[in-house]
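Chemist: Okay, here's the structure, questions in a sec.
The values are calculated or read from the model by the stated rules, or taken from the named source; none is laboratory data. These numbers come from a predicted model, not from an experiment. For neighbour counting, all protein chains shown are included, and Cβ atoms are generated from backbone atoms with ideal geometry for every residue, glycine included. Heavy atoms of the whole protein, side chains included, go into the accessibility calculation; ligands, DNA and RNA do not. Shrake-Rupley method; radii C 1.70, N 1.55, O 1.52, S 1.80 Å.
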Amino acid sequence: MQTFTGHKQKVLFLGNNDESTDQEVSKLSIDQGTNNFGLIDDQTFVPHQSGFYHTTVVDIPWGGLIGLAKRFDCIVMLDQPQSQWSHWKCLQATCKLMLALEQLGFNTVFRNNANTKRILYWIDLVYNKNSSLCIYPWINLSNNGSKLKLCSRDTSSVTTIDKLQDWSTNQDFNHIRQSMIDGKSLPDHCSVCYKYESLGMESYRQFETIDWITQLEIDSVDDLKNIQHPFFYEVHSGNNCNIKCRSCQPAFSEPIAIEYKKHNIQPPKNLAWHAPEYSIDRIDIDSLDHRSCVYFQGGEPTIMPEVREFMRRCIAKNKTDFFLTMCTNGVKFPQEFMDLVKHFPGTNFSFSIDGYDQVNDYWRSGSKWNKIIDNARWIKSLGYSVSINTVPGIYNVTNMHLLFEFLDREFPMTAIYMQVNYLPWQSAYNHPCADLVIDSMKRCQQTSMYHSNGKSCKTSIDSILAHYSNNPVCDIDSLRDFFDYNDQLDRVRGTKLKDYIPELEEARKFT
């Protein structure tokens, strides 16, 4: 549907979050001879009169907007230029929401907008037409010591630091760039995303491409050649950490490495021991601007001296307006770190939360649920952005709904980013109690958080549900590996699985 009227219809407009939205809807209502009933900021609102109404993704969460849309005859996205939006992410999220509403069968008006054409072009390209193309070779600098990779999930390498002279013209990078444009598969580099997509999940390749083309305002594949320097730096800063997650490895947590050696813990297969050796000297601070992003992973970035040193260098050069994001366990925010981060207004804290309440405390040893949640609330109160990173695995696949329901109540505007556990003995796809998993996934689907505009959120839940609804066969050998490994951890940590996740302990009978 490409026309709308307020005479007989209840029309909901989605726009940016400033006064221009109300002004534009008022003009349209005058032209149509109807009323502008103003802003809706309550997802339970029920329109009783025909006419025009408006809201935004800043005022109501995604899931709430989908529920609200059911009470209207037509949903219209206003054609406001990107410069009028408070953040590019709001424009992108609104366009993706309109696509979701269209797919759900709603009457929508947005496809002929100037402000959506770029996004729709790229969505069609990377989701439908080209299963290889990814933005990362054009914008990302990721290295593991001497090796340069496409991204942190790349298990191979593109070239080495000593061979790199000009990143934008490097022969090895350009070979990969052209292969992607040509639609050629690159399994040595991109197997993680290919695996996601084979399971019906949204991949990093897809999600991050749409994010970055919106942020950088890249109209077409031809415009990629105009990018001359990296805009994205993925930084793994070693294994300096303060907790011991049961799904982690020595390379990313020094306490786990110490525990392994002290107690001779034997995982089902040899895990990575050596921490990444990324140097902050590889980040071109002078080129950072409001379109750039530096993403610190760990270990735990909030306690790492090299992260603080990088922030001091940026402050000294007055380069602090870029997007700085920290993947954090949320356990501790030292005062020295917080004194530095206040200079970076565009900071996002991605809290790793894998389970609700005691599931979190068991899975993420050293983490206390109440403290983590208090810290997340505190960080939000300081004006920083907060997102949630969740890993579906054998520990939480039967109780994921508890986390989703909690976030619905307490953090309704927060995006969940999901990445599946790839270790076979902890896989989200290898729980023997299919009925419990199905129930949890269906309950997740009833939440607003299920529709979060985070990577793989909805599609991960859908993929897990589809898997368990198709009479899967549990790999008993991998299940035995899980219990053997987890029992080793319980013995040295003085915990018992049955006290935290009793339904998982019950699954032991299948071994």
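Chemist: Of the numbered conditions (1) open to solvent by 40 Å² or more (accessible area, probe 1.4 Å); (2) not in a helix (DSSP H, G or I); (3) not charged (D, E, K, R), Leu148 fails exactly one; give the number of that condition.
Modeler: (1)
Chemist: Being assigned to a helix (DSSP H, G or I) and either open to solvent by less than 10 Å² (accessible area, probe 1.4 Å) or among the hydroxyl-bearing types (Ser, Thr, Tyr) (or both) is the filter here, so list the residues in the range 191-204 that pass it. I'd like the intermediate steps shown before the answer.
Modeler: Just the residues of the range 191-204 that are assigned to a helix (DSSP H, G or I), to begin with: 191-198, 204.
Of everything in the range 191-204, those that are assigned to a helix (DSSP H, G or I) and either open to solvent by less than 10 Å² (accessible area, probe 1.4 Å) or among the hydroxyl-bearing types (Ser, Thr, Tyr) (or both) turn out to be Ser191, Tyr194, Tyr196, Ser198, Tyr204.
Chemist: Another question about this same structure. Taking the range 75-111 only, how many residues are crowded, with 21+ Cβ neighbours inside 10 Å and either farther than 21 Å from Glu202 by Cβ or touching a Gly at 6+ places or on another chain (Cβ under 9 Å) (or both)?
Modeler: Looking only at that region, the number is 6.
Chemist: For the range 457-476, check the following and say yes or no: at least one residue is farther than 30 Å from Ala100 by Cα, out of contact with any Gly (no Cβ under 9 Å at 6 or more places or on another chain) and either open to solvent by less than 50 Å² (accessible area, probe 1.4 Å) or in a helix (DSSP H, G or I) (or both).
Modeler: Taking the range 457-476 and keeping what is farther than 30 Å from Ala100 by Cα, we get 473-476.
Now drop any that are not out of contact with any Gly (no Cβ under 9 Å at 6 or more places or on another chain), which leaves 473-476.
Add one more test, that the residue is either open to solvent by less than 50 Å² (accessible area, probe 1.4 Å) or in a helix (DSSP H, G or I) (or both), and what stays is 474, 476.
Checked the range 457-476: at least one residue is farther than 30 Å from Ala100 by Cα, out of contact with any Gly (no Cβ under 9 Å at 6 or more places or on another chain) and either open to solvent by less than 50 Å² (accessible area, probe 1.4 Å) or in a helix (DSSP H, G or I) (or both).
Chemist: A further question on this structure: Does the range 108-140 hold any residues that are under 19 Å from the mean Cα position of the chain (by Cα), closer than 18 Å to Pro187 by Cα and in a helix (DSSP H, G or I), and which are they?
Modeler: Across the range 108-140, the qualifying residues are Val126, Tyr127, Tyr136.
Chemist: Select from the range 358-378 the residues that are charged (D, E, K, R), part of a helix (DSSP H, G or I) and without any contact (Cβ under 8 Å) to a residue 60 or more places away in the chain and write down the one among them that is nearest to Gln426 (Cα to Cα).
Modeler: Just the residues of the range 358-378 that are charged (D, E, K, R), to begin with: 361, 364, 368, 371, 374, 377.
Keeping just the survivors that are part of a helix (DSSP H, G or I) gives 361, 371, 374, 377.
The next check asks that each one be without any contact (Cβ under 8 Å) to a residue 60 or more places away in the chain; those that pass are 371, 374, 377.
Values: Lys371: 26, Asp374: 29, Arg377: 30 Å.
That would be Lys371.
Chemist: If Cys327 passes every condition in (1) of a type outside the set (D, E, K, R); (2) over 30 Å from Ile256 (Cα atoms); (3) in contact with a strand residue (DSSP E or B) (Cβ under 7 Å, 6 or more places away or on another chain) but one, which one does it miss?
Modeler: Only one criterion in (1) of a type outside the set (D, E, K, R); (2) over 30 Å from Ile256 (Cα atoms); (3) in contact with a strand residue (DSSP E or B) (Cβ under 7 Å, 6 or more places away or on another chain) is unmet by Cys327, namely (2).
Chemist: Out of everything in the range 38-74 that is assigned to a strand (DSSP E or B) and either open to solvent by less than 70 Å² (accessible area, probe 1.4 Å) or out of contact with any strand residue (DSSP E or B) (no Cβ under 8 Å at 6 or more places or on another chain) (or both), what residue ends up being farthest from Ser26 (Cα to Cα)? Full working, then the answer.
Modeler: We begin by selecting, within the range 38-74, every residue assigned to a strand (DSSP E or B); these are 38-39, 51-55, 74.
In the following step, the residues that additionally are either open to solvent by less than 70 Å² (accessible area, probe 1.4 Å) or out of contact with any strand residue (DSSP E or B) (no Cβ under 8 Å at 6 or more places or on another chain) (or both) were identified as 38, 51-55, 74.
Numbers: Gly38: 8, Gly51: 11, Phe52: 8, Tyr53: 10, His54: 10, Thr55: 13, Cys74: 17 Å.
Filtering the range 38-74 for residues that are assigned to a strand (DSSP E or B) and either open to solvent by less than 70 Å² (accessible area, probe 1.4 Å) or out of contact with any strand residue (DSSP E or B) (no Cβ under 8 Å at 6 or more places or on another chain) (or both), the one farthest from Ser26 (Cα to Cα) comes out as Cys74.
Chemist: A further question on this structure: Taking interchain pairs and intrachain pairs at least six residues apart, which have beta carbon atoms under 8 angstrom, with the first residue in the range 480-501 and surrounded by 15 or more Cβ atoms within 10 Å (Cβ to Cβ) and the second β-branched (Val, Ile, Thr) and part of a helix (DSSP H, G or I)?
Modeler: If the second residue must be β-branched (Val, Ile, Thr) and part of a helix (DSSP H, G or I), the pairs left are Tyr500/Val359; Ile501/Val359.
Chemist: Let me ask something else about it. Looking at (1) in contact with a helix residue (DSSP H, G or I) (Cβ under 8 Å, 6 or more places away or on another chain); (2) of a type outside the set (D, E, K, R); (3) assigned to a loop (DSSP other than H, G, I, E, B), which is the one condition that is false for His290?
Modeler: With respect to (1) in contact with a helix residue (DSSP H, G or I) (Cβ under 8 Å, 6 or more places away or on another chain); (2) of a type outside the set (D, E, K, R); (3) assigned to a loop (DSSP other than H, G, I, E, B), His290 is out only on (1).
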